[in-house]
Structures are given as C-alpha cells and as structure tokens.
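Notes follow the structure.
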Amino acid sequence: MDTATRAIISNDIALSIRERIRPPLKWAGGKGWLVSHLRTLWAEHSHRRLVEPFCGGLAVALGLMPEHALLNDINPHSINLYRQLQAGLRTELSLRNEADYYYERRKEFNALVAEGKADSSHVAALFYYLNRTAYNGLCRFNKTGKFNVPFGKYATIKYKKDFAAYQQVLKGWEFSAVDFQDVTIQPEDFVYADPPYDGVFSQYTKEGFSWDDQERLAMWLALHPGPVVVSNRATERIRALYKKLGFKLQLLEAPRRISCTGDRTKAREVLATRNIKHVWT
Ligand SMILES: C[S@@+](CC[C@H](N)C(=O)[O-])C[C@H]1O[C@@H](n2cnc3c(N)ncnc32)[C@H](O)[C@@H]1O
C-alpha cells in the first residue's frame, strides 16, 4: 500500500472517530463537492496546519478535519459565528420561518452591526437564522454594509438548535476576518485558497473581487514555500496566470452550483497546485 493510500485510510479512521459534522451555514460557492479531490492532495500533509484565506462556509475544513487550522474570511459575521460556536454558542433566539419575523430580525441585525455590536453571541445567532431563512442562502450587503437579502419562502427549514458538537471540532482552529494578504502564513503550512470566481460578479463584499485581486492572490500564493492548492473558475486568463507562475493545473467539471446571482449553470473548475506530489484520482 503506498503512502498516500495509507494516509487516506488513517485520515478516514480519524474522521469517523471525530464526528463528521455539516457546515452550519449555507454558502454560495461552497466546495463540499471538491473535498474528495482535496483529501487526496491533503493526505500526505495532514500533519501540517491547514490555512484557508477564503474559508467561506467551512465546507473544506469540516471535510478535511485538520487538527490545526487558520481559517480566514473577509466576512466578519460568519467568522463571528464560528468563534461563538468554538466558545459553545447557546441561544434563546426563536427560529421561525415567517416573513414578518424574518424582516424584524434582519432589521435588528443591521442595527446592532451599525452600533458596533457585531461580535456578540446574539448577533451570531441572528446571522445563523438569517442565513438559513434568507433567499437562496445568499449573503449580500448593500453599499452601506446592510444585509439586504429578502425572505426565502422555503416550505420548511431545518434549524439547528443544539450547536454543542461544533465546540469540540473547532477547538484547535484559529479564525480571522481580514483581507487574504494580511493572513500570516508559516513556511510549512498547507494553503488551500478558494477566492471568488474570476469573471463572476462577486457580491460577497461591497468592494467585489477584481482581476487585480486575482493577480495579487496568485503572486502571494506563488511566494509560499510550502504546499499550495487553489481553485477557481477555469477561465483562460486564470489558467494562464497560474501556469506562468509555475503551478500545475488540473481541470474539473463543477456540479450545479448556487452562484451569488442564483445562476445554476455548470462551471469548469481549475485546481492549481504547487509543492504537491500529484496523485489525481
Ligand atoms: C468561493 S467562496 C469560499 C467558499 C469556501 N471554500 C466554502 O467551501 O464554503 C469565496 C470567499 O472569499 C471571501 N472573500 C472575498 N474577498 C476576500 C478577501 N479580499 N479576502 C478574504 N476573503 C475574501 C468571501 O467572503 C467568500 O466567503
């Protein structure tokens, strides 16, 4: 049995011991579907710290279950929720799938954020509720930073009432909410970067994610001496950018996806890697 296969098996045993746990939020561009590919690349490096500069809904960290991780996203509300889960979030907030109640909670959330009280457990619970109840699980803010997604009109919603399981799983993980370039990586870290897709209007932040940001990211990743994996939409210019910087490329067919706009067309995805032995399956 080769080293990579042995590492995958021991990783799977570790996973079944530590409870498999689902991401708490719905997240546009979530990479749950990519975890099996990433696990093959991660297997030989699972003793390292996992760094995700764009951790989004946590699908990858919860899929790979590293012992140590630095998980960053520019969205301060998702990061506040993860920190509160780590601290053992308990909430009395009533979770109701009703339009009037939703709009009241949205107003309350925006008022607390405007008052500078965004990093409380109550705001974390509100954000969880809004995310589950909002249209298409979108997370969109207007120019003044107010969450403005309409009510989702779902027939039923499964809300989580007990978040206790997350506390144990998130224990060894560190969270931050800064621009990716301000994330401090150590030379031996395994970096998985999943930025907003090239060429798709990004509503994650009011600033968006421009081509300059894509280039800034690629150059920043190219300087890392440890293993790096980056995923993106397989546009011609993204492929050329990473190829020029010495990355190895693999093309994949992404499944139907929820984009920021609710567009569900299939996308071709590229995985670009550096300092990683190739074991594509
Ligand atoms: C494609 S999503 C990541 C999805 C994640 N891999 C998952 O599985 O849920 C891209 C993420 O980048 C974040 N983002 C956008 N601009 C950023 C920046 N300049 N620095 C750090 N994060 C940023 C967005 O908030 C969004 O969560």
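The values are calculated or read from the model by the stated rules, or taken from the named source; none is laboratory data. The model shown is predicted, which means the values in this text are computed figures rather than measured ones. With ideal geometry, Cβ positions are generated from the backbone for all residues, glycine too; neighbour counts draw on all protein chains shown. Only protein heavy atoms, including side chains, enter the accessible area calculation; ligands, DNA and RNA are left aside. Shrake-Rupley method; radii C 1.70, N 1.55, O 1.52, S 1.80 Å.
Among GLY152, GLY172, GLY56, which one shows the highest mean-square fluctuation when the chain is modelled as a Gaussian network with alpha-carbon springs under 10 Å?
GLY172
Calculate how steeply helix 99-114 sits against the longest principal axis of the alpha-carbon atoms of the chain, using the helix alpha-carbon long axis, and give the answer as 0 to 90 degrees to the nearest 10.
Its long axis makes an angle of about 70 degrees.
Under the rule that an exposed site lies in a DSSP loop and has at most 15 other Cβ atoms within 10 Å, name the longest stretch of the chain with no chymotrypsin sites (Phe, Trp or Tyr not before Pro) of that kind, not counting the sites themselves.
That would be 1-153.
Expressed as a rounded percentage, what relative contact order does the chain have, with Cα pairs under 8 Å and six or more residues apart?
Answer for the chain is 21 percent.
Rounded, prolate or oblate: which fits segment 76-124, taking a ≥ b ≥ c as square roots of the Cα gyration tensor eigenvalues, rounded meaning a/c under 1.5, else prolate when a/b beats b/c?
oblate
Counting only helical runs of four or more DSSP H residues, what would the 222 nm mean residue ellipticity of the chain come to if each run contributes -39,500 (n - 2.57) and the total is spread over all its residues?
Dividing the helical sum by the residues of the chain leaves -10000 deg cm²/dmol.
Quick one: with all protein chains in place, what share of the accessible area of segment 90-162 is carbon or sulfur, to the nearest percent (1.4 Å probe)? Working shown, then result.
Details: 2080 of 4270 Å².
Reported share for carbon and sulfur atoms: 49 percent.
Please report the antiparallel percentage of DSSP beta bridges with both residues in the chain, rounded to the nearest 5.
If I count the DSSP bridges inside the chain, around 55 percent turn out antiparallel.
Classify segment 90-162 as rounded, prolate or oblate from the Cα gyration tensor: take a ≥ b ≥ c as the square roots of its eigenvalues, call it rounded if a/c is under 1.5, otherwise prolate when a/b beats b/c and oblate if not.
In terms of gyration-tensor shape, oblate.
Rank these by accessible area, largest first, 1.4 Å probe: ILE74, ILE185, ILE238. Working shown, then result.
Numbers: ILE74 80, ILE185 40, ILE238 0 Å².
Descending order: ILE74, ILE185, ILE238.
What shape does segment 153-266 take by its C-alpha gyration tensor, where a ≥ b ≥ c are the square roots of the eigenvalues and a/c under 1.5 counts as rounded, a/b above b/c as prolate, and the rest as oblate?
Here segment 153-266 falls in the oblate category.
Looking at segment 90-162, how many pairs of lysines come closer than 28 Å at the Cα, when each pair is eight or more places apart or spans two chains?
17
Report, ordered by chain and residue number, the aspartates and glutamates lying within cross-link reach of LYS171, taken as a straight Cα distance under 15 Å and ignoring same-chain residues fewer than 8 apart.
Here the aspartates and glutamates satisfying the reach criterion relative to LYS171 are GLU19, GLU67.
Using only Cα atoms, find the angle between the long axis of helix 76-86 and the longest principal axis of the chain, and express it within 0 to 90 degrees, rounded to the nearest 10.
With both axes taken from Cα atoms, the answer is about 90 degrees.
Pick from ARG216, ARG233, ARG132: which residue has the top mean-square fluctuation in a GNM of the chain where Cα pairs under 10 Å get a spring?
ARG216
How about LYS277: which lysines have a C-alpha closer than 24 Å to its C-alpha, ignoring those fewer than 8 places off in the same chain?
Counting by Cα, and skipping residues close in sequence, LYS277 has these lysines nearby: LYS31, LYS243, LYS244, LYS248.
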